[in-house]
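Here's the structure, in structure tokens; my notes come after.
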Amino acid sequence: MTALLQMEQITKKYGSFAANQAVNFSLHAGEIHAIVGENGAGKTTLMRMLYGMEQPTAGRIVLRGEEKHFASPADAIKSGIGMVHQHFMLFPSCTVAENIVIGNEPTKGLWFDRKQAVERVRQLSETYRMTVDPLQTVGHCPLGTQQRVEILKVLYNGAGIIILDEPTAVLTPLEVKELLVTLKGLAEQGKSIILITHKLHEVMEVADRITVLRNGVVTGTLSTKETSVEEISCLMVGRDLAGISRVERQSGEVILDVNGLFIQGDGGKPVLDNIDFTVRAGEIVGIAGVSGNGQSELIQALSGLLQVDRGSIALQGKQIANQPPLAVREAGLAHIPEDRYLWGAAKDASVKENAIMGHYRKPTARRFGFLRHKQLDGIVRNWVSRFAIKTESIHEKAQNLSGGNLQKVIVAREIAHGTPFLIAAEPTRGVDIGAMEFIHRQLVEKRDQGEAVLLVSSELTEIMTLSDRVLVMYEGCIVGELSGADISEEAISLLMAGGGQR
């Protein structure tokens, strides 16, 4: 079969660093081809070159038998290539239709023809079986709908090849299933799809072929029907992955005690409705739920970022409800936030500055009132090594790191605080399978040392793998608790859908 697209011996260097080295990649018409690899393996860089956002140092791109040079995304779009980025590029205050037609708007005379734009978007969504309301404001749309808007936008611009960069990173399990169905439907209608991801079970479900990158080099191109998750994982990380093991132990004293927590939402409906639960020493308590059912507000209330209307939060017996974040942290809480860019990091600061946040207050970090930079440099370099954080230097700006590597900086920083209680909210969002394994081991080790972990995750496999108990949230309430043999995907999914007893 003749390839629709070929990338031949593609090399991209930044100074002496090679992000991609002699990469060969091909794509057939109507194919879903996944590109997988650890954070910093060169996946996104390779696709940025295909989309005209970067220029290759060496190699060539051949599209439909003709060599191409894409100087910008506009050149790629003209050739029928579209890209849906990991972080959506939409205007929240504009409607769905306005976002989709922007840059190629229908006109009536000299003016924007809004009625025609709405009709075109409605027809487009029907053609590709991707339901959207053209008149809805994008800022009011769930993330799954915003992603459909991004895909419809590239289809509207005539894309025959669609690149999706980590498309399921921020989606709920239901939204993920809907997206995978959409991708299969697009391929059946002749679209060719390149899927950048680290979630191997999704790859096995939807992809026809898989290309594996490690350190910028292709380590294998495989047919999905003839491979396994274990083989792909080994090609990604260069070794077999060990399973999670932990010491069986009885849970200890109550570390966190939450009683009657209530927060009134806009419009009169509570976002947290009389929440009661405990987390004990030596256990991981998981919180599952479809995004938007109060998990975010609960995390913010526990960490001092959101005021509560009534109820109590006791951390090691000390009341911390409505206390400022610094007081909450000093009481013994560390926090891996669910949004690394909004809550977890300062993008314009260096890797080192982000890593020592909170640590610089410790007496050991100072001498005569001044920071002990040499000592702190050594500590941060140790974390970079232990967590395999890919960075040119600890003085590099955090914004230059991939999302997964920035996540590892945050996880390393928070675990290193050694607090008796840790909130781990989406701790492995956007990280590769090797880093995920490492982070999971760190959480289990904290639990095995007799400390307490509250795990909030949209990944059911993560919840089920790590949790001693699982609490399920629905519409601001805890609607069920599962433990031991009762923890199953079916039981959790039923509660997540509101099928539990209040």
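Specify the inter-centroid distance of the stretch 332-406 and the stretch 438-497, based on alpha-carbon positions, in whole Å.
28 Å
Over the alpha carbons of the stretch 345-418, what is the largest minus smallest coordinate on each principal axis, giving the biggest first in Å?
36, 24, 18
Relative to the longest principal axis of the chain, what angle (0 to 90°, nearest 10) does the C-alpha long axis of helix 143-156 take?
10 degrees
Of all DSSP beta bridges located in the stretch 309-435, what percent are antiparallel, nearest 5?
55 percent
Residue by residue through the stretch 6-17, what is 3J(HN,Hα) from phi via Karplus (6.51 cos²θ - 1.76 cosθ + 1.60, θ = phi - 60°)? Round to whole Hz and write x for glycine and proline.
Working through the residues one at a time gives 9, 10, 10, 6, 6, 10, 10, 10, 10, x, 8, 8 Hz.
Compute the long axis of helix 373-386 from its Cα atoms, compare it with the longest principal axis of the Cα atoms of the chain, and write down the angle in degrees, 0 to 90, nearest 10.
Approximately 60 degrees, to the nearest ten.
Of K184/K225; K153/K184; K199/K362; K153/K347; K13/K225, which ones are farther than 26 Å apart at the Cα?
K199/K362; K153/K347; K13/K225
To check you understand DSSP bridge types, tell me what percent of the beta bridges within the chain (both residues inside) are antiparallel, rounded to 5.
55 percent
Rg and Dmax in Å for the chain, alpha carbons only: what are they?
My reading of the Cα-based Rg and Dmax gives 23.9, 75 Å.
Note down the magnitude of the dipole of the stretch 1-111 about its Cα centre, charges +1 on Lys and Arg C-beta and -1 on Asp and Glu C-beta and zero elsewhere, to the nearest 20 debye.
I would put it at about 140 debye.
Got a sec to turn the phi values of the stretch 257-262 into Karplus ³J(HN,Hα) couplings, 6.51 cos²θ - 1.76 cosθ + 1.60 with θ = phi - 60°, whole Hz, x for Gly and Pro?
After applying 6.51 cos²θ - 1.76 cosθ + 1.60, I find 10, 10, 9, x, 6, 9 Hz.
List the residues, sorted by chain then number, that are 5 or more residues from A288 or on another chain and whose placed amide H is less than 5 Å from its amide H.
L471, V472, M473
Please give the charge dipole size of the stretch 345-418, origin at the Cα centre, charges +1 on K and R Cβ atoms and -1 on D and E Cβ atoms. Round to the nearest 20 debye.
In total the dipole reaches around 300 debye.
Applying the Karplus parametrisation 6.51 cos²θ - 1.76 cosθ + 1.60 with θ = phi - 60° to the phi angles of the stretch 51-56, what ³J(HN,Hα) value in whole Hz is obtained for each residue in order, glycine and proline being reported as x?
So the J values, rounded to whole Hz, are 8, x, 7, 9, 10, x.
Ordered by packing density, taken as the mean number of other Cβ atoms within 10 Å over each peptide's residues, highest first, how do 190-201, 401-412, 439-450, 369-380 rank?
So the order, starting with the most tightly packed, is 401-412, 190-201, 439-450, 369-380.
On a 0 to 90° scale, report how tilted helix 403-416 is relative to the longest principal axis of the chain, with both axes built from alpha carbons and the result rounded to the nearest 10.
Orientation of helix 403-416: about 10 degrees from the principal axis.
Which one of S296, I492, N382 is farthest out on the positive end of the charge dipole of the chain, using unit charges on Cβ (Lys, Arg +1; Asp, Glu -1) and the Cα centre as origin?
N382
Where a number appears in this text, it was derived from the coordinates with a stated rule and is not lab data. Predicted, not measured: the structure shown is a model, and the values here were computed from it. Heads up, the Cβs are rebuilt from the backbone with ideal geometry, glycines too, and the neighbour counts pull from every protein chain shown.
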